[in-house]
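All of the numbers you see were taken from the coordinates with simple rules; none came from a lab. Quantities reported herein were computed from a predicted structural model and do not represent experimental measurements. All Cβ positions, glycine included, derive from the backbone under ideal geometry; neighbour counts span all protein chains shown.
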Amino acid sequence: MKVALITGSAGLIGSEAVRFFAQKGFTVAGIDNDMRKYFFGEDGSTRWNLRRLKEQVPNYVHVEADIRDQQAVERVFAEYGGDIAIVIHAAAQPSHDWAAREPLTDFSINATGTMILLEAARRHAPKASFIFTSTNKVYGDTPNSLPLVERETRWEADPAHPFHAHGIDESMTIDHSKHSVFGASKVAADVMVQEYGRYFGMNTACFRGGCLTGPGHSGAELHGFLAYLMKCCLTGRQYNIFGYKGKQVRDNIYSHDLVSMFWHYHQNPRPGEVYNAGGGRHSNCSLLEAVAIAEEISGNKMKLSYVDENRSGDHIWWISDVRKFRAHYPQWEYTRGIRDIMAEIHQGLRERQS
């Protein structure tokens, strides 16, 4: 028996990974306790997704547990032991706005929870691939120091800058910047995941995501950019734009494409690696551009409000350079662009409402 152990298994990336690895013939053990509902209320709850997994994935075993509960985590790892071939750690407190409300909760989940999982993996499944869904927020607000040019609907990196053509690569420093409390807790986890690869020789990797997205997202105002925007577009709820004239740019990677990255890494793991993992130049948009696409797909006009003050530490322009990953794993490819992703989110929301 080969086992994939997935944390945050009812969330966007976790549920995508459950389906992906179940189809590859793995028994999938998923740890999730719907903390998104605690963070974001009913909008953020993942219970609907968990019900689907239980109904649709026969080789899925659900564990209702908190990753901060060391004894509960130990029990899961002890049960499956050496059969665990891959650990995908997708559980997190994911919002930099929310983190400032409860810094201790944020750190205990993102940093301490990751440490508990690493130690359990080292004891029970040291040869497994350990994949951590990190974030571009580990770079703090350093991207905002790049030379930017204002266009009609977006900010863009100056065409003369090396990052313009392909996006921001892993050479960007994570020091001397404002990370947000969330970004700092993810830095702690990110560095420890690297250390377990470099110090203990485990097959660990950090995937520093841009905006992770897809129809399985429980979008809320504080987390879930495209899913929440499309939800507002469909329901007539007001959507609030915070600063930068709504021209801030995000790359958006389809959830399946990110999980496919995990799979390619697992075939030939490289201990302690770090990869920027986003939509890159293939799939990105500004907030204003996303609004226009949502209105076109839905046929609805959005209700918008604008607040001139941007969110603290928020990026003005982020596009991931994924060439390092592609150099290591040349068989990997994107399957969705920004409009395709938003159309699937729209369809998914319509189906859930019916």
*Quick one: which of 24/54; 245/303; 37/186; 37/324 span more than 25 angstrom between C-alpha atoms?*
37/324
*Identify which of 269, 159, 126 has the largest mean-square fluctuation in a Gaussian network model of the chain, with springs joining Cα atoms closer than 10 Å.*
159
_Positive-end extreme of charge dipole, the stretch 3-353 - chosen from 10, 89, 25 (charges on Cβ)_ = 25
_Going by average Cβ density within 10 Å per residue, which order do the peptides 177-183, 52-58, 90-96 take, highest to lowest?_
90-96, 177-183, 52-58
*Output the relative contact order of the stretch 3-353, whole-number percent, from Cα pairs under 8 angstrom with separation of 6+ residues.*
19
*Please work out the FRET efficiency for the pair residue 150 and residue 1, using the Cβ-Cβ distance as r and a Förster radius of 51 Å; give the result to the nearest 0.05.*
0.35
_Potential extension, residue 24-residue 334 segment - 0.36 nm per residue separation minus Cα distance_ = 109.7 nm
_How much of the DSSP bridge set in the stretch 202-354 is antiparallel, in percent, rounded to the nearest 5?_
25
*Can you run phi through the Karplus equation (6.51, -1.76, 1.60; θ = phi - 60°) for the stretch 205-212 and list ³J(HN,Hα) in whole Hz, with x for Gly and Pro?*
8, 9, 9, 8, x, x, 7, 8
*With a 10 Å radius around each residue's Cβ, average the other Cβ atoms per peptide and rank 15-27, 193-205, highest first.*
15-27, 193-205
_Pairwise label distance in nanometres, residue 161 with residue 199, each label 7 Å out on the Cα-Cβ vector_ = 3.4
*0 to 90° range, to nearest 10: angle between helix 225-235 axis and the chain longest Cα axis*: 60
_Tell me the angle of helix 338-353 to the major Cα principal axis of the chain, expressed in degrees between 0 and 90 and rounded to the nearest ten._
70
_What are the equivalent ellipsoid semi-axes of the stretch 3-353, built from the alpha-carbon gyration tensor (square roots of five times its eigenvalues), in whole angstrom, biggest first?_
30, 23, 19
*Given charges at beta-carbon only (K, R positive; D, E negative), |dipole| of the chain in Debye*: 580
